[in-house]
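Notes for the one structure printed next.
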Amino acid sequence: LALADLAVEAGLPEGVLNVLPGSGSVAGNALVTHPLVRKISFTGSTEIGMGVMKQAADGIKRVSLELGGKSANVVFADAYLDTCIESSIFAVYDNAGQDCCSRSRIFVERPIFDEFVERFTARTNSLKVGDPTQEATEMGPLITPQHRETVMNYLNIGDAEGAQRLCGGVVPTEAGLANGNFLTPAVYVNVQTGMRIMQEEIFGPVVGIMAFDGEDEAIRLANDTPYGLSGSLWTRDIGRALRVARAIETGMLSINSSSSVHIEAPFGGMKQSGLGREQGMAALEHYSEYKSVFIAND
């Protein structure tokens, strides 16, 4: 509603932007099934996206879906570790991990695995968790108490699956934090790709770190997920970077960076992360119809 007010204030013509408040099961269903709605763009969970797509099929409606993710961060032994670690920290803990592009699976080449884990964990422990309106804060709260419980349940699952939690996953009790939905960021090692904490989108400050040997294994591990939204890889070898980037099944991938969003570039995923693209010229394809008109010359 605040966005709609800003649009009116900016002079957007009436009817260009319409806001319909309500739950997805009521307002969402009404929009998706209405005969005058010819194009649907949905951002949300993969489960709900599947339902939207099924409903849209009854009306032969065009659909774009931006859904869940379980993105990989691949770190080769020749990476610039100082830059890589600092960027990797915020690639998973930014917005307390509540980001569909969160790089919550980190695969590190074995020769530097121990050093990476030690430094990454130390930086995780030093993160300033607190009020996001304060400049010194590096990670804020989760969105609701219910979601914090969901994330903590995944921590219990990770522990039960045999992963080793090196730090985090604790509700802070310090002054100013006890009454919020705060949770300290958690790092796991001794993980396997089949574990739920490595397969399912947690949407919280939880990361699993695993070692790999060589390009082929890095690609296999990165692709071992039903999702394919985003990702990063770190190496000084541009040839290797391009080979691995081509092989990883993801809609967006950053080399020596953790940035996925550039307004001029297509944004979207593969596999269960969705279909279609937003942003860039490619987005116009999903909001346009082709028409061929032929004129006789006699």
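The values are calculated or read from the model by the stated rules, or taken from the named source; none is laboratory data. The shown structure was predicted, so the numbers you read here are calculated from the model rather than taken from an experiment. Because the Cβ atoms are built from the backbone with ideal geometry, glycine has one as well, and the counts that use them run over all protein chains shown.
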From the set of residues in segment 240-253 that are small (Gly, Ala, Ser) and surrounded by fewer than 21 Cβ atoms within 10 Å (Cβ to Cβ), which is farthest from Phe76 (Cα to Cα)? Ala247
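When you go through Asp298, Asp216, Asp237 one by one, which is the residue that is surrounded by fewer than 17 Cβ atoms within 10 Å (Cβ to Cβ), over 22 Å from the mean Cα position of the chain (by Cα), over 30 Å from Thr150 (Cβ atoms) and not assigned by TED's automatic domain parsing to the domain that holds Ser102?
Asp298
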Cross-chain or 6+ apart pairs with Cβ under 6 Å, segment 89-102 first and within 15 Å of Lys70 (Cα to Cα), then hydroxyl-bearing (Ser, Thr, Tyr): Ala91/Ser258; Val92/Ser102; Val92/Ser104; Cys101/Ser71; Cys101/Ser230; Cys101/Ser260
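This table checks each residue for (1) out of contact with any strand residue (DSSP E or B) (no Cβ under 7 Å at 6 or more places or on another chain); (2) in a helix (DSSP H, G or I); (3) farther than 13 Å from Arg196 by Cα; (4) modelled with pLDDT under 95.
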position	(1), (2), (3), (4)
Gln134	yes, no, yes, yes
Pro141	yes, no, yes, no
Gln146	yes, yes, yes, no
Val151	no, yes, no, no
Asp159	no, yes, no, no
Leu166	no, no, yes, no
Val170	yes, no, yes, no
Glu174	yes, no, yes, yes
Ala178	yes, no, yes, yes
Only one of Gly180, Gly140, Gly169 is surrounded by 11 or more Cβ atoms within 10 Å (Cβ to Cβ) and more than 23 Å from Arg103 (Cβ to Cβ). Can you tell me which? Gly180
I'd like to check something: does segment 255-266 contain any residue that is crowded, with 22+ Cβ neighbours inside 10 Å, at pLDDT 95 or above and of a type outside the set (Gly, Ala, Ser)? no
Count, please, the residues in segment 256-298 that happen to be more than 19 Å from Arg62 (Cβ to Cβ), touching a strand residue (DSSP E or B) at 6+ places or on another chain (Cβ under 8 Å) and in a loop (DSSP other than H, G, I, E, B). 6
Within the set of pairs 6 or more residues apart or between chains, which connect a residue that is more than 17 Å from Thr124 (Cβ to Cβ) inside segment 154-177 to a residue that is part of a helix (DSSP H, G or I) and not hydrophobic (A, V, I, L, M, F, W, C) with Cβ atoms less than 9 Å apart? Ile157/Arg196; Glu161/Arg196
